[in-house]
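Just so it is clear, none of the values below were taken in a lab; they were calculated from the coordinates. These figures come from a predicted structure and were not determined experimentally. Ideal geometry is used to build each Cβ from the backbone, glycine not excepted, and the neighbour counts take in all protein chains shown.
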Amino acid sequence: MSIAPTDAELVARCRTGDDDAWELLVERFSRYVHAILTRAFSLPSHTAEDAFQEVFTRAYEHLDRLRDDAAIRPWLAQLTRRIAIDALRAAAREHTIDVAEVERIDAGAEERIERVEQAVAVRAALAELPDHCSEVLDRFFARDESYATIGAALDVPQGTIASRISRCLGKLREKFEHEGRSPAPTASGGR
Amino acid sequence: MNEERIAELLGELPPAPGAWVRAASELPRARREIGRLVSLAEADGAFRDALLADTTAALRGAGLEPAPRAVAQLRERLRQH
């Protein structure tokens, strides 16, 4: 089994022009960036898609500005927030959203980002569970798949999916609590 | 943190749409391919016209996701030359 590179290793490889490393970096942070755009800032799908591409384009262009390679996550978070706010303001200028609505979203974004950070911490614990647990929990709770879809994909009788979810959720809670996980820092790692 | 809360938080991070992830993943290669197409277009006017006529097909032909951003970038660069 290969060991996944750390964030810092991944960033270092991206700087050398390693396309595979870039693909892995996008894959690793895609849910996080997507969640900030769509959940913390409530961007509609077409705006979020453009913002998502803008985040990764700027990240690619400015990776050399990152002071601490291990701080890629908070750096991306800050970049994503700036781009989301710009997108909201542009929508307000074009009158596709009320200015008051932009202010309401902006005011509540901090709290919703905190929730996304908690979700990241839970996913880190999820990644340490055995595959049969992490996959069933991801499919059911994050991908919103039905018992029938999960059963067919994993070749497991539908009747056992519910009990597996319950058992695996218990394991995840134990892992999360016993290891005293807390959300990742959100301070900027850029300059 | 109880299991209900953990389940809610798992739902906070659904996968980003596959096409978005593919387009972002292809960024380095897309830049190289767009640069190559623009160079070819500079040397061949007929090729340039064909590219402008169907930019989406040109990107697909280069093995790239014809994302709106990539299409716009290629068209913009072709217009500059």
Residues of the range A:84-111 satisfying the condition of being under 21 Å from the mean Cα position of the chain (by Cα) and either under 17 Å from residue A:55 (Cα atoms) or assigned to a loop (DSSP other than H, G, I, E, B) (or both): A:84, A:85, A:86, A:87, A:88
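Please pick out the residue among A:110, A:114, A:103 that is within 12 Å of another protein chain (Cβ to nearest Cβ), under 25 Å from residue A:81 (Cβ atoms), surrounded by fewer than 20 Cβ atoms within 10 Å (Cβ to Cβ) and of a type in the set (Asp, Glu).
Values: A:110 fails: within 12 Å of another protein chain (Cβ to nearest Cβ); A:103 fails: within 12 Å of another protein chain (Cβ to nearest Cβ).
Answer to the check: A:114.
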Single residue of the range A:24-49 satisfying the filter (at the interface with another protein chain (Cβ under 9 Å from one of its Cβ atoms) and surrounded by fewer than 17 Cβ atoms within 10 Å (Cβ to Cβ)) that is nearest to the chain's Cα centre (by Cα): A:27
Residue under evaluation residue B:65, criteria (1) assigned to a helix (DSSP H, G or I); (2) in contact with a helix residue (DSSP H, G or I) (Cβ under 8 Å, 6 or more places away or on another chain), criterion not met: (1)
All positions within the range B:1-30 that are within 19 Å of residue A:59 (Cβ to Cβ), more than 8 Å from chain A (Cβ to nearest Cβ) and among the basic types (Lys, Arg): B:22
Residue within the range B:31-41 that is over 18 Å from the mean Cα position of the chain (by Cα), assigned to a helix (DSSP H, G or I), of a type outside the set (D, E, K, R) and at the interface with chain A (Cβ under 10 Å from one of its Cβ atoms) present: no
Those residues of the range A:4-63 which are more than 14 Å from residue A:77 (Cβ to Cβ) and among the charged types (D, E, K, R), in sequence order: A:9, A:13, A:15, A:18, A:19, A:20, A:23, A:27, A:49, A:50, A:54, A:61
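Restricting attention to the range A:1-23, which residues are in a helix (DSSP H, G or I) and either more than 9 Å from chain B (Cβ to nearest Cβ) or among the small types (Gly, Ala, Ser) (or both)? Explain how you work it out, then say what you get.
In the first step, residues of the range A:1-23 are kept if they are in a helix (DSSP H, G or I); the result is A:7-15, A:19-23.
Matches in the range A:1-23: A:7, A:8, A:9, A:10, A:11, A:12, A:13, A:15, A:20, A:21.
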Test: residue in the range A:67-89 that is of a type in the set (Asp, Glu) and within 13 Å of chain B (Cβ to nearest Cβ): no
